[in-house]
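> Starting off with a structure, shown below.
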Amino acid sequence: MCGNNFLSLFYCSKSSDTAVQRFDKSLEEFYALCDQLELCLRLAYECLSQSIDSAKHSPNLVPTATKPDTVQTESLSYTQYLSMIKSQISCAKDIHNALLECSKKIAGKGQPQGIL
């Protein structure tokens, strides 16, 4: 296809340049799609982990008002569910306060005045 004269070499190099540019663009699009796929997989993994943790820490279901006939024996009543949620919130507050105290001690705010 590419002969020995100057014009054919010019057109041949021009077409190879466009082929290289097209390849670079396709490769860039491929890597962008790979990045998007990686983000989607990470999100799916986080959702699955959250679902597993949710099932582990709150295995009993609260029956919905729309389906009262499907009440299971291990499901919680609404008041039981509320007390469980209140205890979880209390535990989260305790953890938050403990972390806050530790960070203050690390920052040096909790040191006694007499020590230099």
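The values are calculated or read from the model by the stated rules, or taken from the named source; none is laboratory data. Just so it is clear, the structure is predicted and the values come from calculations on it, not from any experiment. Neighbour counts are summed over all protein chains in view; Cβ atoms, including those assigned to glycine, are modelled from backbone coordinates with ideal geometry. Each accessible area value is taken on the protein alone, full model and side chains, heavy atoms only, with ligands, DNA and RNA left out. Shrake-Rupley method; radii C 1.70, N 1.55, O 1.52, S 1.80 Å.
> If the Cβ limit is 8 Å and pairs must be 6+ apart or interchain, which residue in segment 38-60 that is open to solvent by 80 Å² or more (accessible area, probe 1.4 Å) pairs with which residue that is in a helix (DSSP H, G or I) and of a type outside the set (Val, Ile, Thr)?
Hits for this filter: HIS57/GLN88.
> Follow-up. So which pairs qualify, if the first residue must be in segment 76-96 and over 16 Å from SER54 (Cα atoms), the second must be open to solvent by less than 70 Å² (accessible area, probe 1.4 Å) and acidic (Asp, Glu), the Cβ gap must be under 8 Å, and the two must be at least 6 apart or on different chains?
none
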